[in-house]
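Colleague: Structure in structure tokens, see below.
The values are calculated or read from the model by the stated rules, or taken from the named source; none is laboratory data. On a predicted model such as this, the values are computed, not experimentally measured, just so you know. Please note: Cβ atoms are built from the backbone with ideal geometry, for glycine as well, and neighbour counts cover all protein chains shown. These accessible areas exclude ligands, DNA and RNA; they are computed on the full protein's heavy atoms, side chains included. Shrake-Rupley method; radii C 1.70, N 1.55, O 1.52, S 1.80 Å.
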Amino acid sequence: MTRPEKDEAREERIHMEIVVDAYGPEEQAMGWYNYLDDTLQFPFKARCIFRRSTSPLEPDDKVEVLGMASAEDCEHDILVMIPWKRRQLAVPLMQLEGVQVDEETQQAIEDWQYWVNRGYEF
């Protein structure tokens, strides 16, 4: 993934609404978790945009995103739950793009992808 150019409006939203008052990686992770859990409109359809070694999804796979993985599972990456075979599986949100999602969900997914692609981490 190429590093996106700095987007001042997105940077401001992220720093003033998502990771505001976060004093370390754990608090940043919780800020992101709470923002995404509150903003994403579950369930929603998504499409895999690239392969990750930690996920069974292949590019162009279409999935239904049911909700966030547990907060404990999201301490180092944001994971969302999808149906997989006869159970639910956590996959990286970074790997997905929304398909016909509402504006808030689209923006939240893009905020997370921007954060990761800019090289920020918690």
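Colleague: Among the candidates D73, D60, single out the residue that is surrounded by fewer than 16 Cβ atoms within 10 Å (Cβ to Cβ) and part of a helix (DSSP H, G or I).
Modeller: D73
Colleague: What is the number of the single condition among (1) touching a residue at least 60 places away in the same chain (Cβ under 8 Å); (2) surrounded by 19 or more Cβ atoms within 10 Å (Cβ to Cβ); (3) not basic (K, R) that Q41 does not meet?
Modeller: Condition not satisfied by Q41: (2).
Colleague: Now for a separate question. Residue check: is L36 in contact (Cβ under 8 Å) with a residue 12 or more places away in the chain, of a type in the set (A, V, I, L, M, F, W, C) and not in a loop (DSSP other than H, G, I, E, B)?
Modeller: yes
Colleague: Here's a follow-up. Just the residues that are touching a residue at least 24 places away in the same chain (Cβ under 8 Å), within 16 Å of the chain's Cα centre (by Cα), open to solvent by 40 Å² or more (accessible area, probe 1.4 Å) and within 13 Å of D111 (Cβ to Cβ), please, taken from the range 1-27.
Modeller: Within the range 1-27, R13 is the sole residue that qualifies.
Let's see how each residue does on (1) assigned to a strand (DSSP E or B); (2) surrounded by fewer than 16 Cβ atoms within 10 Å (Cβ to Cβ); (3) of a type in the set (A, V, I, L, M):
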residue	(1), (2), (3)
E64	yes, yes, no
D77	no, no, no
G98	yes, no, no
V101	no, no, yes
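Colleague: Further question on the same structure: Go through (1) at pLDDT below 95; (2) in a strand (DSSP E or B) and name the single condition I82 misses.
Modeller: Status for I82: all satisfied but (1).
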